[in-house]
Amino acid sequence: ATLISLGMVAENIRIAATDYGLETNLHVPPNPAIEWTQLTFSKTSPPLDSLADVLWERNTNRRPYIKRDIPSYSLEAMTAAVKGRGGKLFWKTDREAISALAEMAYWADRARVVIRDCHETLYDAFRNNAKEARQKGDGFSYGNVLASPDQRLFLKLTRPWPVMRFANRIGLGDV
């Protein structure tokens, strides 16, 4: 899931760059799990990506889901759509691989509450609402992560690192 998240970040950067007249060159090494992926930019004035206008409206799907396999025709359609945009999409469909990805996602999520740099980087990007995120152009709203009112309150209260560190000490970071 961490690699998926990083891939989405790279894609969002590529889309946003077109709004600034920049073309993004992406170099993905043979083993992106242990090597750095590189993004470089060139001023070539590429056409504005069709998703640039709605990039800041995107929401992350963190809703409960039905635990059944995604139909193969859906996987094929999504793979074709990504390929049509010049990308590659790899699916993990066996339960063991899905469990391994879930474990990685858990630890990536834990990093935001136990590692100060991760915590501060994430929290610096939060904006109160979509309007503020669009105006500032450098973050996303709590709505993007589908935070409920109580989760939003927790996120706002634990924004300062000393508060988060204290919450971790008393076990609230595990909630």
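The values are calculated or read from the model by the stated rules, or taken from the named source; none is laboratory data. Everything numeric here is computed off the predicted structure, so don't read it as measured data. For neighbour counting, all protein chains shown are included, and Cβ atoms are generated from backbone atoms with ideal geometry for every residue, glycine included. These accessible areas exclude ligands, DNA and RNA; they are computed on the full protein's heavy atoms, side chains included. Shrake-Rupley method; radii C 1.70, N 1.55, O 1.52, S 1.80 Å.
Summary of values
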| read-out | value |
| --- | --- |
| Structure-derived mean projected area of the Cα convex hull in nm² - corresponding label in [x] 14.5; [y] 10.6; [z] 12.1 | [z] |
| Residue-count net charge about L155 - beta-carbon cut-off 12 Å; Lys, Arg +1, Asp, Glu -1 | +4 |
| Size of electric dipole in the chain: Cβ of Lys, Arg +1 and of Asp, Glu -1, about Cα centre, debye, nearest 20 | 440 |
| Overall form of segment 68-120 per C-alpha gyration tensor (a/c, 1.5; a/b vs b/c) | oblate |
| Sequence-separation-based contact order of segment 23-175, relative, with Cα cut under 8 Å and 6+ spacing, percent | 19 |
| Check: segment 126-175 dipole with +1 on Lys, Arg Cβ and -1 on Asp, Glu Cβ, in debye | 180 |
| For E11, solvent-accessible area (1.4 Å; no DNA, RNA or ligand), Å² | 50 |
| The chain, accessible area per residue, ligands and nucleic acids excluded (1.4 Å, Å²) | 74 |
| Sites matching chymotrypsin sites (Phe, Trp or Tyr not before Pro) across segment 84-144 that sit in DSSP coil, with at most 10 neighbouring C-beta atoms within 10 Å | F90 |
| Segment 107-172 - percent relative contact order, Cα under 8 Å, separation 6 or more | 28 |
| Between segment 85-154 and segment 157-175, the alpha-carbon center distance in angstrom | 18 |
